[in-house]
Structures are given as structure tokens and as C-alpha cells.
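The values are calculated or read from the model by the stated rules, or taken from the named source; none is laboratory data. Predicted, not measured: the structure shown is a model, and the values here were computed from it. For neighbour counting, all protein chains shown are included, and Cβ atoms are generated from backbone atoms with ideal geometry for every residue, glycine included.
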Amino acid sequence: MFQEGSQWIFETFRISQSLQYRIAATLIVIVSLFLVRRVILSVFRSKIQDVKKRYSWEKSSLYFSYVLFILIVIPIWFRQLHVFGTFFGLMAAGIAIVLKEPILNFFGWVYIISKKPFDMGDRIAIQQVEGDILDIGFFEFTLLEIKNWVDADQSTGRIIHIPNGLVFTKPVMNYNQAMNFIWHEIPFMITFESNWQKAKDILLKIEDEKLKALSSEIKPEIEKANRKYYVEYNKLDPTVYTRVKENGVMLTLRYLCPPKQRRNYEQIVVEETLRQFAKHADIQFAYPTTRFFKGEEYNK
């Protein structure tokens with residue numbers, strides 16, 4: 001029956017038996033790899049609860065399937081290696097000329113997967129674009145954009161696709177790679193007449209009350225970062241710096257916080273500061289003012 005079917009295909013479509021075998025074998029490989037991967041994924045999805053790990057595992061299994069497919073199919077279509085070598089050499093030369101950017105993007109993917117300048121879920125900035133990594137593909141990676149017209153570090157809702165090749169030509173700023181904390185500063189400007197020492201003490205007290213919970217998490221993150229990078233900070237505790245400006249005394253609150261929660265912690269600190277400063281008549285916020293004098297008033 002198979003012989004008759006093969007003969008019918010040859011007579012109808014003029015496809016030789018050897019070519020029919022190669023096509024059939026290729027289809028069998030595709031279906032087999034697809035089914036095996038689906039079965040394996042169904043087993044591991046029930047065991048892996050972490051969404052990030054599950055996504056990374058699924059991506060890795062997909063890439064492994066592609067590589068395995070190529071390794072199995074090459075002997076089917078090219079029985080003699082020297083024929084394959086000649087064909088591959090000519091094809092590679094043509095592709096290198098015509099598809100320069102896709103090839104660069106592919107090797108960018110290899111670099112991202114091997115060197116890991118960023119990983120799934122990391123918050124990065126590249127070429128004036130900032131966002132959280134949603135996907136890393138063969139030719140591009142995908143970000144959920146933050147900032148832009150939206151104030152602070154909140155999401156805009158836009159999805160941005162960036163070619164992988166940019167990692168070779170543009171600096172990549174990663175908010176999470178060294179440790180899951182970044183420095184943040186909140187400036188408060190008070191008048192020269194205000195009791196700046198009392199205001200500073202209030203800010204230090206707010207720091208101790210509202211940011212104390214982060215202290216236990218910061219030290220392990222620093223130790224983790226030191227395993228790969230030379231990260232040295234002389235002071236990790238929140239602090240307040242004092243500076244004289246043209247409009248008053250600036251008190252700058254500096255502290256470590258998770259990069260994706262920077263706005264939340266700022267809101268907590270600012271709201272508590274407003275409540276505490278309002279209780280003291282000798283602490284007033286400063287703001288730019290303009291005064292106009294008439295000539296006769298100035299002479300008085």
C-alpha cells in the first residue's frame with residue numbers, strides 16, 4: 001500500500017521516492033518533538049509554581065527542541081557531509097550579506113542568554129527606553145515600558161520590542177542585577193527661618209519607623225552582589241543631608257529601596273513628613289517667590 005501511495009505521489013506531483021522519504025521523516029520528527037515537549041511541559045507545569053522559573057524553563061525547552069530538530073534533520077537531507085558543507089558555505093555567505101541585522105540580533109540573543117546582562121522580570125534602561133523584561137526572543141526582547149509621559153516609575157501600558165543587537169552598541173542599565181535595591185533621594189526645602197535641626201530629626205525618625213523593615217533585607221542583597229561584583233558602600237542606613245540653597249535649607253532624605261517600589265516608599269515618607277511638619281509652627285516649606293518694589297517704596 002505504501003509503495004502504491006508513493007508511486008501515485010510520484011506520478012501526480014513528480015516527487016521522487018527519496019524526496020518523499022525526506023519530507024515524511026521531517027514531518028515525523030516535527031510531530032514527535034512537539035508531542036514529547038508537550039508531555040514534558042504538562043508534567044513540569046504542575047511541579048513548578050514560580051512563574052518566572054516556569055517561563056524560563058518553557059523557553060529553554062523550546063530552544064532545545066529547535067537545536068535537536070536541526071541536528072536530526074541535517075543527516076536526513078544531506079547524506080554526504082561534504083555536500084552539506086558546500087551548500088552551507090554558499091548559503092551562509094549569501095545570508096551574511098542579505099540578512100546582516102537579523103544575524104546581529106541572533107548573536108545578540110546568544111550573548112543575552114549566555115552572559116545575562118538582564119533576565120526575565122528585570123527592570124532595565126537602554127537607548128532612552130526603560131521598562132521590565134517580558135520576553136527574550138531570538139531576534140528581539142520585549143519591555144513593558146515605564147516613565148515616558150507617566151510620572152515616576154509607573155507603567156505606561158505600552159509594549160516595546162527592541163532588537164537584540166543593541167546590546168553590542170548601547171549601554172544596558174540594569175536596576176536588579178547587582179542587588180534588588182537602589183538608592184533613592186527625596187528633597188525637602190524649608191525656609192531659612194525654620195528650625196532645620198528639628199526638621200532633620202523628624203525625617204530621621206520617619207526613616208527609622210517607615211524604612212526599618214528594609215534593613216534586614218539589604219545586607220543579604222549586598223552579600224549576594226559581592227559574589228560577582230565589587231560593591232562597597234560605607235553607609236547603608238537611611239540618612240539626611242543638609243544643604244543651603246537660594247530659596248532655603250534643603251534636607252535630602254537618602255535610602256535604599258526595591259527598584260519597583262520606589263514610588264510607593266516615596267509616597268509613604270512624603271505623606272508622613274507632611275503630617276509631622278504640619279504639627280510644628282517653626283517648620284515651613286520654602287518655595288520660589290518673586291517680590292516687586294515700587295521706586296518710592298524701595299527708597300523708604
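Among the listed residues GLU246, GLU223, which satisfies the condition of being acidic (Asp, Glu), under 30 Å from the mean Cα position of the chain (by Cα) and surrounded by fewer than 13 Cβ atoms within 10 Å (Cβ to Cβ)?
On the way: GLU246 fails: under 30 Å from the mean Cα position of the chain (by Cα).
Residue meeting the stated conditions: GLU223.
For the stretch 126-151, the set of residues classified as in contact (Cβ under 8 Å) with a residue 60 or more places away in the chain and of a type in the set (A, V, I, L, M) consists of ILE136 only.
Among the residues of the stretch 258-285, what is the count of those that are free of Cβ contacts under 8 Å to residues at least 12 places away in the same chain and either hydroxyl-bearing (Ser, Thr, Tyr) or more than 12 Å from PHE188 (Cβ to Cβ) (or both)? So the count comes out to 8.
Tell me whether the stretch 87-97 contains one or more residues that are modelled with pLDDT of 80 or more and among the aliphatic types (A, V, I, L, M). There is no residue in the stretch 87-97 that is modelled with pLDDT of 80 or more and among the aliphatic types (A, V, I, L, M).
Here's a check for you: in the stretch 160-217, which residue that is among the hydroxyl-bearing types (Ser, Thr, Tyr) and either exposed (fewer than 14 other Cβ atoms within 10 Å of the Cβ) or modelled with pLDDT under 90 (or both) is farthest from GLU271 (Cα to Cα)? Across the stretch 160-217, the extreme among qualifying residues is THR169. Test ILE146 against the stated conditions and say whether it is among the β-branched types (Val, Ile, Thr) and touching a Leu at 6+ places or on another chain (Cβ under 6 Å). Criteria not met by ILE146.
If we scan the stretch 252-268, do we find a residue that is touching a strand residue (DSSP E or B) at 6+ places or on another chain (Cβ under 8 Å), farther than 30 Å from PRO117 by Cα and either part of a helix (DSSP H, G or I) or at pLDDT 85 or above (or both)? Checked against the condition, which is being touching a strand residue (DSSP E or B) at 6+ places or on another chain (Cβ under 8 Å), farther than 30 Å from PRO117 by Cα and either part of a helix (DSSP H, G or I) or at pLDDT 85 or above (or both), the stretch 252-268 yields at least one hit.
Listed by first and then second residue, the pairs linking a residue in the stretch 204-229 that is without any contact (Cβ under 8 Å) to a residue 12 or more places away in the chain and assigned by TED's automatic domain parsing to the domain that holds ASN264 to a residue that is exposed (fewer than 13 other Cβ atoms within 10 Å of the Cβ) and of a type outside the set (Ser, Thr, Tyr), with Cβ atoms under 9 Å apart and 6 or more places separating them unless they lie on different chains, are ASN226/GLU232.
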